[in-house]
Amino acid sequence: MLSLTLRSIRAAISLTLMWINTLVLCLPIYLVAILRVLSPNRMKPLWTRLAMASAETWISINNLILDSLQRLNIEVVGEPALEPKAWYLVIANHQSWTDIVILQRVFNRKIPMLKFFIKQQLIYAPVIGIAWWVLDFPIMKRYSATTLKKKPHLRGKDIETTKASCERFKLTPVAVLNFLEGTRYNTDKRTSQGSPYRHLLKPKSGGATMVLESLDDHLHSVLDVTLIYHDKTPSFIEFLMGHRSKITVHIEEVPMGEVKRRGATQGEGFNNRQTLSFLQERWQKKDALINDLLEQTT
């Protein structure tokens, strides 16, 4: 009981400090938001870079908070030479909201700040909604089947909105994070969708294809990241309570030449079918890697 109490206090302190950090570091981002609205379009890349610098500081302080309250055992394997001013597509398996904290920790200031797809409704979230907008997070706008039935003219508008969001990535170096499974992994989901993998759900290609199409001439490479929790996968709160078990982050850099050879039709660019085939091959390798590393710890 005492151990659980102490761990709960640790999580509460971590959350409080991280929330204070968020409130403080959002202030310069809000200032950038005002300047962005008032300034001409040619100035927007500058404001985005300033906002990203504030966000990277926010991540660094969060890392200090975590390091002050617990000892993490994170092993990074295969880390390539990374460029902080290059464009990347980062693909990863997804098990917990903790994944984002781990990835931010591993990549902060080594590549541009990680940005991931968010639903349009989250732009209106208190405090952080404006920050996501200023940081040019890619926005997904989805319409329900009921809405599309009543308003068929909206069909395809969600894709147009997402593509327009991706176009802004050309303005300044970016690392787009895509959890290809679309949801967090668990065995029930794996069984219900009939996944052919032992430790993964089926990958989806839509978001990755959009990014590859939009940034075809800009992307430096694709970073294929495999996250492995060697003990129980922690929820975010469980992680903040203290996580001593080993976490492996395996990184493999895939050159754009290989990505184009496997995921694009010559002369026609990327398409969902071929990109999906390429991603499925990556997922087979990822599944085997997870299985091998987990067997080494048992």
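At a glance:
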| quantity | calculated |
| --- | --- |
| Among residues of the stretch 1-53, those that are among the charged types (D, E, K, R), surrounded by 14 or more Cβ atoms within 10 Å (Cβ to Cβ) and closer than 24 Å to Lys115 by Cβ, counted | 3 |
| Looking only at the stretch 263-292, and only at residues there that are small (Gly, Ala, Ser), assigned to a helix (DSSP H, G or I) and free of Cβ contacts under 8 Å to residues at least 24 places away in the same chain, the one that is farthest from His218 (Cα to Cα) | Ala288 |
| Qualifying residue in the stretch 21-31 (condition: closer than 22 Å to Thr233 by Cα and not basic (Lys, Arg)) | no |
| Residue that is nearest to Leu66 (Cα to Cα) [pool: residues in the stretch 1-45 that are of a type in the set (S, T, N, Q) and in a helix (DSSP H, G or I)] | Ser14 |
| Where Thr191 falls short, out of the listed (1) crowded, with 22+ Cβ neighbours inside 10 Å; (2) part of a helix (DSSP H, G or I) | (1) |
| Scope the stretch 200-212; condition buried (at least 20 other Cβ atoms within 10 Å of the Cβ) and either modelled with pLDDT of 90 or more or touching a strand residue (DSSP E or B) at 6+ places or on another chain (Cβ under 7 Å) (or both); matching residues | Leu200, Leu201, Pro203, Gly207, Ala208, Thr209, Val211, Leu212 |
| The stretch 99-125 residues that are free of Cβ contacts under 8 Å to residues at least 12 places away in the same chain and surrounded by fewer than 18 Cβ atoms within 10 Å (Cβ to Cβ), paired with ones that are small (Gly, Ala, Ser) and not in a strand (DSSP E or B) (beta carbon under 6 Å, 6 or more apart) | none |
| Any hit, the stretch 217-238, residues being part of a helix (DSSP H, G or I), closer than 18 Å to Phe179 by Cα, of a type in the set (Phe, Trp, Tyr) and touching a Pro at 6+ places or on another chain (Cβ under 7 Å) | no |
| Tally of residues being acidic (Asp, Glu) and modelled with pLDDT of 80 or more across the stretch 132-180 | 1 |
| Odd one out for Leu215, checked against (1) modelled with pLDDT of 90 or more; (2) closer than 23 Å to Tyr88 by Cβ; (3) crowded, with 19+ Cβ neighbours inside 10 Å | (1) |
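The values are calculated or read from the model by the stated rules, or taken from the named source; none is laboratory data. Note that the structure is a prediction, hence the values are computed from the model and not measured. No Cβ is skipped: glycine too gets one built from the backbone with ideal geometry, and neighbour counts run over all protein chains shown.
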